[in-house]
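Here is the structure we will look at, set down as structure tokens.
The values are calculated or read from the model by the stated rules, or taken from the named source; none is laboratory data. Since the model is a prediction, treat every value here as computed from it, not as a measurement. Here the Cβ positions follow ideal geometry from the backbone for every residue, glycine too, while neighbour counts run over all protein chains shown.
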Amino acid sequence: MTGSDRAAVLADRWAAVRKRVARACADAGRDPGEVTLVAVTKTYPASDVLILRELGATDVAESREPEASEKVAAVAAVPGPPLRWHFVGQIQSRKARAIAGYAAVVHSLDRAAIADRLGAARPADAGPLAVLIQVSLDGDPNRGGVVPDAVGGLAEHVTGIGALRLAGVMAVAPMDVDPAVAFARLREVSDRLRTDYPDASWISAGMSNDLEAAVKNGATHVRVGSALLGERTP
Ligand SMILES: *Cc1c(COP(=O)(O)O)cnc(C)c1O
């Protein structure tokens, strides 16, 4: 496929996903400006990120190091509008320093020790790093996230770290649960968190297959990969 063929494919998919988000907002009676579309570009090359940036993408997510750092550098080398980089994958402690260097938002915080590492490594001139606490909605720790009852404790820890800003919660709908049920549960976790931390208002929920259910349940950030870029080869 030539570069311009790929650009045409991504332009079509970008428009289609934008339309899905807009329709989901309309159906939920929400302002589309409340929902940020985060393009998840893992496994796809920096050239795809550049195409998405041309199409108007402002927020891009990665889930693995060093793939993410390499892509950030490749994209930064090409002049264009600024992009916010999000990190959505499990964070190994030795990778926290790299992530704290380029990320605007980390969606996948689930351990106090990682919060400490991110905070310590955050460059002073970068401003606070926004972090979302990843919530496990089925109690399966293998997929990352803390159980709902542990969110408050981790939130308190994060707010004690000056270089971090507690921004809200994130979840991936468990495979065997109706996403509408899962995201309603996440919204309850968010409501509870916001009684203590009113500014922690972001809800990162919804992917290619379930973004409508997420928007209906208050998502402020949807993380869309395959619907924009194509199915990933494992
Ligand atoms: C890969 C990934 C996504 C995107 O998933 P798609 O189904 O491809 O849209 C969203 N969130 C996280 C945490 C991911 O790892």
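Evaluation of D149 against the conditions (1) within 19 Å of R192 (Cα to Cα); (2) surrounded by 14 or more Cβ atoms within 10 Å (Cβ to Cβ); (3) over 19 Å from the mean Cα position of the chain (by Cα) shows that the sole unmet condition is (2). For beta carbons closer than 7 Å, sequence separation of 6+ or different chains, a first residue in segment 196-219 that is more than 15 Å from A184 (Cβ to Cβ) and in a strand (DSSP E or B) and a second that is among the β-branched types (V, I, T) and near the ligand (Cβ under 9 Å from one of its atoms), there are no qualifying pairs.
Given the structure, is R185 more than 15 Å from the chain's Cα centre (by Cα), farther than 16 Å from V88 by Cβ and not aliphatic (A, V, I, L, M)? For R185, the condition - more than 15 Å from the chain's Cα centre (by Cα), farther than 16 Å from V88 by Cβ and not aliphatic (A, V, I, L, M) - is met. For first residues located in segment 120-141 and closer than 15 Å to H86 by Cβ, partners that are of a type in the set (S, T, Y) and modelled with pLDDT of 95 or more and lie 6+ apart or on another chain with Cβ distances below 6 Å form the pairs L132/S204; Q134/S108. Every condition in (1) within 20 Å of A227 (Cα to Cα); (2) part of a helix (DSSP H, G or I); (3) of a type in the set (S, T, Y); (4) at pLDDT 95 or above holds for S4 except the one numbered (4). Residue count for segment 151-163, restricted to those that are free of Cβ contacts under 8 Å to residues at least 40 places away in the same chain and in a loop (DSSP other than H, G, I, E, B): 1. Taking (1) within 16 Å of the ligand (Cβ to nearest atom); (2) buried (at least 17 other Cβ atoms within 10 Å of the Cβ) in turn, R117 satisfies each apart from (1). Among the residues making up segment 200-234, those that are more than 9 Å from the ligand (Cβ to nearest atom) and modelled with pLDDT under 95 are T233, P234. The single condition among (1) in contact with a Lys or Arg (Cβ under 9 Å, 6 or more places away or on another chain); (2) under 19 Å from R64 (Cα atoms); (3) among the hydrophobic types (A, V, I, L, M, F, W, C); (4) not in a loop (DSSP other than H, G, I, E, B) that A120 does not satisfy is (2). I'm trying to understand the selection: among the residues of segment 127-150, which are in a helix (DSSP H, G or I) and in contact with a helix residue (DSSP H, G or I) (Cβ under 6 Å, 6 or more places away or on another chain)? Of everything in segment 127-150, just one residue is in a helix (DSSP H, G or I) and in contact with a helix residue (DSSP H, G or I) (Cβ under 6 Å, 6 or more places away or on another chain), namely P148.
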